[in-house]
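Comments concern the structure below.
The values are calculated or read from the model by the stated rules, or taken from the named source; none is laboratory data. The model shown is predicted, which means the values in this text are computed figures rather than measured ones. We place every Cβ from the backbone using ideal geometry, glycine too, and count neighbours over all the protein chains shown. What goes into the accessible areas is simple: the full protein's heavy atoms, side chains included, and nothing from ligands, DNA or RNA. Shrake-Rupley method; radii C 1.70, N 1.55, O 1.52, S 1.80 Å.
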Amino acid sequence: MKIGYPCINRSIGCSSNKKFRLSNFTEDKFNETVKNNLSCLDKIIDYNIENDMLFLRISSETIPFASHDVCTLDWKETFRIELENIGKKLRENNFRVSMHPGQFTLLNSPSEKIVGKSLAELEYHADLLGAMSLDNTAKIQIHVGGVYGDKNSAIERFISTFGIASKKITSRLAIENDDYHYSVKDCLRINKETNIPIILDNLHLECLNDGESLIEAYDMIKGTWDEEDGIPMLDYSSQQKDARIGKHTEHIDSNHFKKFIDIMHNQEFDLMFEIKDKEKSVLEAQRLI
């Protein structure tokens with residue numbers, strides 16, 4: 001099992017998701033920001049190697065406005081050497097990598113404009129992973145999207161949009177069960193039409209399920225991962241006390257995590273910690289394991 005956290009490291013004093021306002025977009029500002037983000041990403045990777053955290057979610061903000069019309073710069077060529085070197089380090093140290101576009105990446109939107117922008121955003125994510133020469137075990141993780149008053153139609157739109165997306169997108173896409181709309185069972189319905197792998201989120205499962213337990217849900221999704229996809233990815237968190245249902249905790253709940261590991265210890269998966277203090281909780285989880 002590889003274990004990791006998303007995007008931000010709170011220990012090294014450096015951020016790989018630095019951004020700026022669209023109104024301030026200039027070639028110099030863009031290049032300066034990307035250079036900073038790639039440098040910090042490299043430092044995060046070094047920290048993770050030192051601490052045996054070999055699963056990393058790379059920030060979608062690494063290349064700001066990459067999918068926006070304002071960005072006509074050839075960032076893949078400008079930063080080719082930096083991206084190749086980062087990719088080489090990830091491969092040589094046997095990292096598992098993912099990315100997770102934001103909430104406005106919606107393949108099942110009834111708006112053609114939103115779907116078009118979503119595909120452009122996914123194209124950027126695929127290009128970034130490709131520029132680092134990472135194989136298809138490096139996944140782009142998305143939610144199914146909204147319901148828009150008719151879940152069946154929304155699912156059909158997702159399947160239809162998936163069908164027109166480029167191969168470089170579809171070969172990397174994975175969907176996760178969410179906490180409000182789309183259960184593991186709903187995701188399996190999409191998988192049957194698309195073969196898209198399913199990422200199991202344990203906290204979302206606690207919020208929304210069809211009566212299946214954690215291990216039963218894992219058994220349901222593990223067959224959606226083919227050899228070229230790698231072993232299943234799981235998202236882990238627990239409920240923050242006295243907060244809205246589904247809000248991730250600030251720090252690992254040791255008792256909750258012990259129960260999770262007791263249930264899952266014979267299974268094969270890579271584990272992404274979606275807990276607010278990031279690497280600090282991963283370090284404690286490593287001690288508990």
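Return a yes/no flag: does the stretch 184-196 have any residue that is within 17 Å of the chain's Cα centre (by Cα) and either open to solvent by 20 Å² or more (accessible area, probe 1.4 Å) or within 21 Å of Leu122 (Cα to Cα) (or both).
Scanning the stretch 184-196 turns up at least one residue that is within 17 Å of the chain's Cα centre (by Cα) and either open to solvent by 20 Å² or more (accessible area, probe 1.4 Å) or within 21 Å of Leu122 (Cα to Cα) (or both).
Provide a single number: the residues in the stretch 152-183 that are at pLDDT 95 or above and open to solvent by 70 Å² or more (accessible area, probe 1.4 Å).
Of the residues in that region, 7 qualify.
With Arg10, Arg21 as the choices, which residue is touching a residue at least 24 places away in the same chain (Cβ under 8 Å) and surrounded by fewer than 21 Cβ atoms within 10 Å (Cβ to Cβ)?
Arg10
Between residues in the stretch 38-55 that are touching a residue at least 12 places away in the same chain (Cβ under 8 Å) and residues that are of a type in the set (A, V, I, L, M) and open to solvent by 40 Å² or more (accessible area, probe 1.4 Å), which pairs lie under 7 Å by C-beta distance while being six or more apart or on different chains?
That search, which allows pairs on different chains as well, returns Lys43/Ile12; Ile44/Ile12; Tyr47/Ile12; Asn51/Leu283.
Could you check how many residues of the stretch 17-32 are within 17 Å of Ala131 (Cβ to Cβ) and of a type outside the set (Phe, Trp, Tyr)?
Final tally of qualifying residues: 1.
Checking Thr62 against (1) within 30 Å of Thr26 (Cβ to Cβ); (2) in contact with a Ser or Thr (Cβ under 7 Å, 6 or more places away or on another chain); (3) surrounded by fewer than 22 Cβ atoms within 10 Å (Cβ to Cβ): exactly one of these is not met. Which one?
Just one mismatch for Thr62, condition (3).
Within the stretch 103-111, does at least one residue satisfy the condition of being under 21 Å from Arg21 (Cα atoms) and either open to solvent by less than 10 Å² (accessible area, probe 1.4 Å) or in contact with a strand residue (DSSP E or B) (Cβ under 7 Å, 6 or more places away or on another chain) (or both)?
For the stretch 103-111, residues under 21 Å from Arg21 (Cα atoms) and either open to solvent by less than 10 Å² (accessible area, probe 1.4 Å) or in contact with a strand residue (DSSP E or B) (Cβ under 7 Å, 6 or more places away or on another chain) (or both): present.
Residues that are touching a strand residue (DSSP E or B) at 6+ places or on another chain (Cβ under 9 Å), under 19 Å from Phe55 (Cα atoms) and not in a helix (DSSP H, G or I): does the stretch 143-157 have at least one?
No: zero hits.
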